[in-house]
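Read the figures in this text as sums done on the coordinates, not as results from a lab. On a predicted model such as this, the values are computed, not experimentally measured, just so you know. All Cβ positions, glycine included, derive from the backbone under ideal geometry; neighbour counts span all protein chains shown.
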Amino acid sequence: MFPVTGTWTNWGGTVSYTPAAVITPRTVDELADEVRRAAERGGTVKPVGAGHSFTPIAVAPGVQVNLSGLRGVRGVDVDRKRVTLAAGTHLHEIPAILEPLGLAMENLGDIDRQTIAGAVSTGTHGTGGRFGGISTQICGVQLVDGTGTIRDIGPDDPDLKAAALGLGALGVLTEVTLQCVDAFAVRAAEGPADADEVFDGFADRVAEFDHYEFYWFPHTSRTLTKSNTRLPADTPADGPSPLRRYIDDELLANRTLGALSAVGSRIPRIVPAVNQVVGRAVSARTYTDRSDKIFVSDRGVRFREMEYAIGAADVPDVLRQIRSLIDRKHRISFPIEVRTAAADDLMLSTATGRATGYIAVHRFHRDDLASSQEYFRDVEEIMIAHGGRPHWGKLHTRDAVYFREVYPRFDEFLAVRERFDPQRVFANPYLEAVLGA
Ligand SMILES: Cc1cc2nc3c(=O)[nH]c(=O)nc-3n(C[C@H](O)[C@H](O)[C@H](O)COP(=O)(O)OP(=O)(O)OC[C@H]3O[C@@H](n4cnc5c(N)ncnc54)[C@H](O)[C@@H]3O)c2cc1C
């Protein structure tokens, strides 16, 4: 599963490698020339975003493309609320672009360090029973395909169902057009709750709140729930200020979690007692702010992560199986994160064709590697038994044989890949494993 050795290292420290060459194109034509040259000599090209994937999906055995030269706004269609961004734009740069237009992204994940192209290429998502992942907000892309041809794929083009979540297998995205929504505020209500009540009430809470998620503290009956409600943009901000929330999160969550994880990593037998203390320390708070400021937070503690998408109705059962597994075999300091998404129709979306529950498990980055891998493999077995689909950017051991079973449109995606990248200019070992050689 990891590590892969070399000199470029991802955020989680699970992958590092040395690319043969690195290029930073300033124009799309420059990039297209590079892809054409690679195709002629039988080489490979692979863009890297912010390196926040845990899997080796971004490994570039040949030429690594740094997209920091392709950032910012490329076009705005105010009437249709559409904004076209250069593909290397980071998510944290987008609110400043959208706010003056009175627009926002419909939904976001936990952090905003990723590039828009990297985020959509692995199916990055947030939470919300009526909302899809970030790729579902895409209504057009421009990419350089494996022959060096620049393709524009619009909202009615059936290839968009592949290209909006393409694993980097179809081409180098150069522009992404977002279907935005009117700017909105969010009221966040956080608080402690009993684990069994939260497991059983998952479907009801998902239906009740726009964006619902929770964290369960292993070895305890405690959870922290987050119930977020969308409000008009002019709703005044209230509750602790962003600075106060940052200090709370940084000092009381990130730093405390980091310190406790470090102790638990050295002395695993104290983890259950530590989790009891942490779970008891969770308190209620309510605050309102601009949507992106509520969705996104800081992740100061390094970890390794596996996340599976399962049918939303299976969440309580799967969580109980994971609880029983942990009680039998493992000492886990990191809370387990549970989220949701609406069904969509993208070929390789983890939520394709079914209302989805996401369960993410983590290990501290300094935890013993063998013990972390064993934990992930044990949890993965439970997920597989429920037809789970792993996040493309988070650790897993599945291959093309499995994906053909759990993705009804898998072969359609392969057919698009055959047209877009017949010579496999964008191949790497990860794509070979998950899509087949
Ligand atoms: C702390 C942390 C928090 C996270 N939170 C969430 C979360 O809340 N929800 C969630 O779903 N995921 C989450 N993730 C996972 C993360 O969103 C994904 O792994 C995402 O792909 C990372 O984006 P990136 O820009 O770092 O891309 P990278 O990891 O650098 O690359 C990912 C893939 O995109 C490809 N790619 C990059 N640019 C292009 C391009 N221009 N054209 C074509 N392909 C391209 C790469 O080749 C690679 O295949 C989190 C990860 C971390 C480390």
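Just subtract the alpha-carbon distance of A281 and E197 from 0.36 nm times their residue separation and send over the number in nm, one decimal.
28.3 nm
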Relative to the longest principal axis of the chain, what angle (0 to 90°, nearest 10) does the C-alpha long axis of helix 369-385 take? 80 degrees
Under 5 Å between amide H atoms, partner at least 5 residues away or on a different chain: which partners does L348 have, H built in plane at 1.01 Å? none
Once I267 and E381 are pulled to full extension, the length gained, defined as 0.36 nm per residue separation minus their Cα-Cα distance, is 38.4 nm
Per-selection Rg to Rh, region 63-156 - Cα, Kirkwood hydrodynamic radius: 0.95
Express in % the proportion of alpha carbon pairs of region 1-118 at distances exceeding 16 Å. 65 percent
Tilt of helix 271-281 relative to the longest C-alpha principal axis of the chain, in degrees (0 to 90, nearest 10)? 80 degrees
Going 7 Å from the Cα of D182 along its beta-carbon direction, which residues of region 66-108 have the amide nitrogen within less than 17 Å of the resulting point? 78-82, 99-107
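Looking only at Cα atoms, what is the convex hull volume of region 175-293 per residue, in Å³?
Numbers: hull volume 17.8 nm³, N = 119.
Here the figure is 150 Å³ per residue.
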quick shape note, region 38-95: Cα extents on principal axes in Å, largest first -> 44, 30, 18
Stretchable slack from R36 to R302, in nm (0.36 nm times residue separation minus alpha-carbon distance): 91.9 nm
Between helix 315-329 and the chain, what is the angle of the helix's C-alpha long axis to the longest principal axis, kept within 0 to 90° and rounded to the nearest 10? 70 degrees
Which listed residue (V22, V401, G128) has the Cα farthest towards the positive end of the charge dipole for the chain, taking +1 on Lys and Arg C-beta and -1 on Asp and Glu C-beta about the Cα centre? V22
What does the highest-first list of 112-125, 229-242, 168-181, 402-415 look like by mean Cβ count within 10 Å? 112-125, 168-181, 402-415, 229-242
Kirkwood hydrodynamic radius of the chain, from inverse mean 1/r over distinct Cα pairs, in Å: 22.2 Å
Label point distance in nm, T149-A370, each placed 7 Å from Cα along Cα→Cβ: 5.2 nm
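What is the dipole size for the chain, taken about its Cα centre, with +1 at each Lys and Arg Cβ and -1 at each Asp and Glu Cβ, in debye to the nearest 20?
Numbers: 49 positive and 57 negative charges, 242 e Å.
Approximately 1160 debye in magnitude.
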Using the Cα centre of region 112-263 as the reference point, and only Cβ charges (+1 on K/R, -1 on D/E), how large is the resulting charge dipole? Debye, rounded to the nearest 20. 360 debye
